[in-house]
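> Below is one structure. I have some questions about it.
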Amino acid sequence: MKRQKRFEKLEKRPVHLDGFVKEWDDEGLVAMHSKNDPDPSLKVENGVITELDGKKREDFDLIDQYIAEYGINIANAEKANAMSSQSIAKMLIDPNVSRSEVAKVTTALTPAKASDVINQLNFAEMIMAVQKMRPRRTPFTQAHITNTLDNPAEIAADGAEAALRGFPELETTTAVARYAPLNAISLMVGAQAGRPGVITQCSVEEAVELGLGMRGFTAYAETISVYGTDKVFTDGDDTPWSKGFLASCYASRGLKMRFSSGSGSEVLMGYTEGKSMLYLESRCIYITKASGVQGLQNGSVSCIGVPSAVPSGLREVLGENLMCMMMDLECASSNDQTFSHSDIRRTERMLGQLIAGTDYISSGYAGEENSDNTFAGSNMDVLDYDDYESMERDLAVDGGILPITEDQAIKIRQKAAKAVQAVFDGLGLPEITDEEVEAATYGSTSDDMPKRDMTQDIKAAQDLMDRGVTVSDIIKALDDHGIDDTAQAVFKLAQQKICGDYLQTSAIFDKDWNCVSAINDNNDYMGPGTGYRVWENKDQWQKIKDIPWALDPQKVDF
């Protein structure tokens, strides 16, 4: 067959390496509007929900029961659910209706009703609604900090650079599971060296993760997964109640935490009940609300390849982020795992959240090159910094990432690598050599790092846990080596877990350890001239404008 040359060229474009599938309602391969989604319904008798989205109380599954008991504002439920979905959708985008007024309605909806409200909105309307409904006025973002060798000096250096660039939260994980204590310590120390007040976590098995937090090696967690069907939930030996109990364990030790969910997970695990991805995700959001957790990481996250393959999939992803905000929850809006070979689609993926602003525009911008990202790669990584910062400047939006100079990066990376070198020495861990410090200062990936003895590192990590090492020992090691400012920052972080201020919705710390949250920085958007406008934050806007590669026309030598 003779080919048309333009079509031959189009087929070689990167987008054709992506996966696309047609909808299949009965297997859950539908983003929104599945023919099998339940119609919204609600009955309340004597203060008890006796019917929820077409099910009688005696037919409730575990998730229905949990949501009915704890997840819906019953006092306003009958009135709110009697409203038309379209009228509620209009409230979401109407600048004359305040966020608090909308939340009184949306927190009283059933999962099917909330899904139906989202179904009324196009993508542009969702952006308008997210701008108003995010809990915290000021948007921020979060980074992954990992490497394939679990090298502590590189983790500390990358963490410090990310902290200096403006990320208030940093998340690590492991290439080898038993490295968890070393990675957690390295990131915490590096982050505090970069900018005091940045909080860190280590994403590993839940019991280990909680243990690291209780020792003071981490300050928050977000990979506590919840799912939208009973079969998926109980296959993991979990129930909504066990997740709620785990959440209370974190809170009781002063540790911030979010749940994590995302459209497409039930499709991947094979138990969708023929429902749309949006409806099943709504159940996850309601479980989170019912558990009293301050927030949720959602937006498909690591399952992004599934919704992005079906029609309206990326619209659904922004919609589930919006639904999280409608429940008055902190939203870490993903833009996380890589999903596309197309730079245009990668930008499309995060554009809604970037323009609208969310509590955390990414819940995993790669603070390393994606080749080193042991979370399987992010939608954007460090090699996209200049493009991302140019977009912030072009659109006058605050995406939470600030430009820095090469000299600033070298200085802060070296400081962090030396700090973690001192901690390893003080804790009796395998030596971090001066060669490693130098490589972490000037390198970009683990390919630039000297190889460590992984067997000795793993043994040392276990020994550290057996010895009962805590954050106090880390503070002492830093102080003994004369690294006073980082020691003080780690000490202040430990203090914050005692007072617990940052257990509030959307809480972060600024460089002076002021807790900024939806309580004292609540979103007050009410249309043009209101809410967060980056050019009114003159210091932040000046930093965004001053990209190092912009020419000063008054100093150009012609």
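> Of all the accessible heavy-atom surface of the chain, with the other protein chains kept in place and a 1.4 Å probe, what percent is carbon and sulfur? Numbers along the way, then the final one.
Working: 11360 of 22690 Å².
Summing carbon and sulfur atoms, their accessible area is 50 percent of the total for the chain.
> Okay, moving on. Within 10 Å of each candidate Cβ there may be at most 15 other Cβ atoms; applying that plus a DSSP loop requirement, which GluC sites (Glu not before Pro) in the range 429-494 survive? Write out the running numbers ahead of the final one.
Details: sites: Glu431, Glu435, Glu436, Glu438; in loops: Glu431.
Taking the range 429-494 and a limit of 15 other Cβ atoms within 10 Å, the loop GluC sites (Glu not before Pro) found are Glu431.
> Please compute the contact order of the range 436-558 in relative form: average sequence separation of alpha-carbon pairs under 8 Å and at least six residues apart, divided by the residue count, as a percent. Walk me through the intermediate numbers first.
Numbers: 56 pairs, mean separation 10.3, N = 123.
Relative contact order of the range 436-558: 8 percent.
> Order Ile458, Ile519 by their accessible area, 1.4 angstrom probe, all chains in place, largest first. Please list the in-between numbers first.
Values: Ile458 30, Ile519 120 Å².
Ranked list, largest accessible area first: Ile519, Ile458.
> Per residue, how much accessible area does the chain show when a 1.4 Å probe rolls over the protein heavy atoms, in square angstrom?
Numbers: 22690 Å² over 558 residues.
Solvent-accessible surface per residue comes out at 41 Å².
> Please compute the net charge surrounding Gly500, taking Lys and Arg as +1 and Asp and Glu as -1 over other residues with Cβ under 10 Å from its Cβ. Please report the intermediate quantities before stating the final value.
Working: positive: Arg253, Lys256, Lys497; negative: Asp501.
So the surrounding residues net to +2.
> Over the chain, calculate the relative contact order: mean separation of alpha carbon pairs under 8 Å at least 6 apart, over the residue count, as a percent. Can you show the working numbers first?
Numbers: 1170 pairs, mean separation 117.3, N = 558.
Rounded, it is 21 percent for the chain.
> Does the range 509-558 come out rounded, prolate or oblate, given a ≥ b ≥ c as the square roots of the eigenvalues of its C-alpha gyration tensor, rounded meaning a/c under 1.5 and, failing that, prolate meaning a/b above b/c?
Numbers: a/c = 5.30, a/b = 1.95, b/c = 2.71.
Oblate, because a/c is 1.5 or more while a/b does not exceed b/c.
> Moving to a separate point now. How large is log10 I(q)/I(0) at q = 0.25 Å⁻¹ when the Debye formula is applied to the Cα atoms of the range 393-436, each weighted equally and without solvent?
Values, matching the q order: -0.87.
> Sticking with this one: Can you bin the chain into rounded, prolate or oblate? Criterion: square roots of the alpha carbon gyration tensor eigenvalues sorted a ≥ b ≥ c, rounded for a/c under 1.5, prolate for a/b above b/c, oblate for the rest.
Numbers: a/c = 1.60, a/b = 1.37, b/c = 1.17.
Taking the square roots of the gyration eigenvalues as a ≥ b ≥ c, the chain is prolate.
> Please work out whether the range 266-368 counts as rounded, prolate or oblate from its C-alpha gyration tensor, where a ≥ b ≥ c are the square roots of the eigenvalues and a/c under 1.5 means rounded, while otherwise a/b larger than b/c means prolate and anything else oblate?
Details: a/c = 1.77, a/b = 1.14, b/c = 1.55.
It is oblate, given that a/c is not under 1.5 and a/b is not larger than b/c.
> On the full set of protein chains, 1.4 Å probe, figure out the accessible area of Lys79 and give it in Å² to the nearest 10.
Rounded to the nearest 10, that gives 150 Å².
> Report Rg/Rh for the range 47-198, rounded to two decimals, where Rg is the Cα radius of gyration and Rh the Kirkwood radius. Could you put the intermediate results ahead of the total?
Working: Rg = 22.0 Å, Rh = 19.0 Å.
My calculation of the ratio gives 1.16.
> Another question, then. Just from its helices, what would the mean residue ellipticity at 222 nm be for the chain, if runs of 4 or more DSSP H residues each count -39500 (n - 2.57) and the sum is divided by every residue, rounded to the nearest 500 deg cm²/dmol?
On the way: 23 runs with 246 residues, N = 558.
Computed ellipticity for the chain at 222 nm equals -13000 deg cm²/dmol.
> Could you please tell me the mean projected area of the C-alpha convex hull for the range 428-549, averaged over all directions and given in square nanometres to one decimal?
Details: hull surface 49.5 nm².
Projected area, direction-averaged: 12.4 nm².
> To the nearest 20 debye, what charge dipole does the chain have about its Cα centre, counting +1 at the Cβ of each Lys and Arg and -1 at the Cβ of each Asp and Glu?
On the way: 56 positive and 87 negative charges, 277 e Å.
For the chain, the charge dipole is close to 1340 debye.
> Right, something else. Might you work out the accessible area of Trp513 for me, using a 1.4 Å probe with all protein chains in place, and round it to the nearest 10 Å²?
Surface open to solvent at Trp513 totals about 30 Å².
The values are calculated or read from the model by the stated rules, or taken from the named source; none is laboratory data. Quick caveat, the model's predicted, so the values are computed rather than measured. Cβ coordinates were reconstructed from backbone atoms using ideal geometry, including for glycine residues, and neighbour counts include every protein chain displayed. Heads up: the accessible areas ignore ligands, DNA and RNA and are worked out on the full protein's heavy atoms, side chains in. Shrake-Rupley method; radii C 1.70, N 1.55, O 1.52, S 1.80 Å.
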